[in-house]
Amino acid sequence: MTDVLTRRARNRALLARQLLLERAPMGVLDAVEHLVGLQAQAPHPPYTGLWSRLRDFAFTDLSDLLADRAVVRIALMRSTIHLVTARDCLPLRSVLQPGLDRAFRGGHGRAFEGVDQDAIAEAGERLLAETPMTFAELGRALALRWPDLDQDRLAALVRTRVPLVQVTPRGLWGRSGQARHTPAATWLGQTPAPASTVEDLAVRYLAAFGPASPADAQTWSGLTGLREVFDRLDLRAFHDEDGRALYDLPDAPRPDPDTPAPVRLVAGFDNLILSHAVRDHVIPDRHRATVVMGTGNGIVRPTVLLDGTVEAMWSLDRGKRAATVTVEPFGTLTARARRAVETEAHALMAATDPGLAHEFRVTEP
């Protein structure tokens, strides 16, 4: 008979893997690889995501790594932009490619029946290797050769077929820039991609997000057929309180469910919120529609963890004279919880805007 993991036990295990039970004395590159990247549609969430997890993190640390091309922004899990290390970029993209291909076939791909897609992808890769472009610019350039095809779809095909990274200054802290793209191999000088396997990916997922089910791993990755992959691995089996089968690495940390969980400000788009088919151990079902607005590349609001679960949302307004963190709780905050959230908010503002005044506000539930 397999052991049962309560929601609280799963929560504490997840928080430990996500470096959210206590800030880790870990370098940025090691943390990004442990987390298998950070979702990064918007430029700033990875900074807050790492600040919430690492003991000695300065926002310039990540910005410098982006400028040095030690980390990059590329479409990976769920066809969404993730920040990953240069070491992980091409191996992850290779193993995740079937998921990107399937998503494209179900959307834009229908418009390319009977068209030489390889020729379009190769033309787009050559153009972007010569000059980084936005997708709008790429679409217009490709339409000169394929005028009967939609420009956005032409760019989407290249994005799907060719590993493309967003070039700096996009993503640098304190800088702005359009999302311009170039082939990862051009930016990093890496070709061919080092080998990786779907089994490696499943193990890394469990190390960062377990215990979990194959359906959870599929939700995170965008791949299918992971039940068979789990069956090939040496995993420990559990059940949740509803009888759902869960699996984990035999020696992975599973803290005592009574382990205290500190208040944490979780970044927008954070994979903590997005990487399970069943997420009630970290975000109550009644809050999901409010936090996760839409599907695909929809907005995912920054959240506040109280006792390990999402119980509020937060935002940071960086003005000319003051930075303000506003917290929107889903219920009434106790005085103790409010003080803890305020302490975290002021610490965050000290990191983002040390030269400004700092204000903290809480809205009515």
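Compactness of region 159-235, taken as the C-alpha radius of gyration over 2.2 N^0.38 Å, stands at 1.45. Can you tell me the 0 to 90 degree angle between the C-alpha axis of helix 7-17 and the longest principal axis of the chain, rounded to 10? Long axis of 7-17 versus the principal axis of the chain: about 60 degrees. Calculated mean residue ellipticity at 222 nm for the chain: -12000 deg cm²/dmol, from DSSP H runs with n ≥ 4 weighted as -39500 (n - 2.57), summed, divided by the residue count and rounded to 500.
Compare Gly139, Gly189, Gly210 in a GNM of the chain, Cα atoms joined below 10 Å, and give the one with the largest fluctuation. The residue that fluctuates most here is Gly189.
Across the alpha-carbon set of region 1-137, the Rg to Rh ratio works out to 1.07, Rh being the Kirkwood radius. Neighbour counts of C-beta atoms inside 10 Å place Leu206, Leu233, Leu92, Leu54 in the sequence Leu233, Leu54, Leu206, Leu92, starting with the fewest. A cut-off of 5 Å between modelled amide H atoms, ignoring neighbours fewer than 5 places along the same chain, links Leu306 with Glu311. Each part gets one Cα centre, and for region 286-365 versus region 116-172 those centres are 37 Å apart. Computed from the alpha carbon atoms alone, the convex hull of region 18-87 holds 77 Å³ per residue.
The C-alpha radius of gyration of the chain, expressed as a fraction of 2.2 N^0.38 Å, stands at 1.02. Looking at the square roots a ≥ b ≥ c of the eigenvalues of the Cα gyration tensor of region 102-257, which shape do they give, rounded for a/c under 1.5, prolate if a/b is larger than b/c, or oblate? Cα axes put region 102-257 in the prolate bin. Taken over the Cα atoms of region 211-306, the convex hull encloses 118 Å³ per residue.
Over region 89-144, the alpha carbon radius of gyration divided by the compact-protein estimate 2.2 N^0.38 Å works out to 1.25.
Over all distinct Cα-Cα pairs of region 293-362, the Kirkwood formula returns a hydrodynamic radius of 12.9 Å.
Bear in mind that the values in this text are calculations on the coordinates, not laboratory data. Since the model is a prediction, treat every value here as computed from it, not as a measurement. Because the Cβ atoms are built from the backbone with ideal geometry, glycine has one as well, and the counts that use them run over all protein chains shown.
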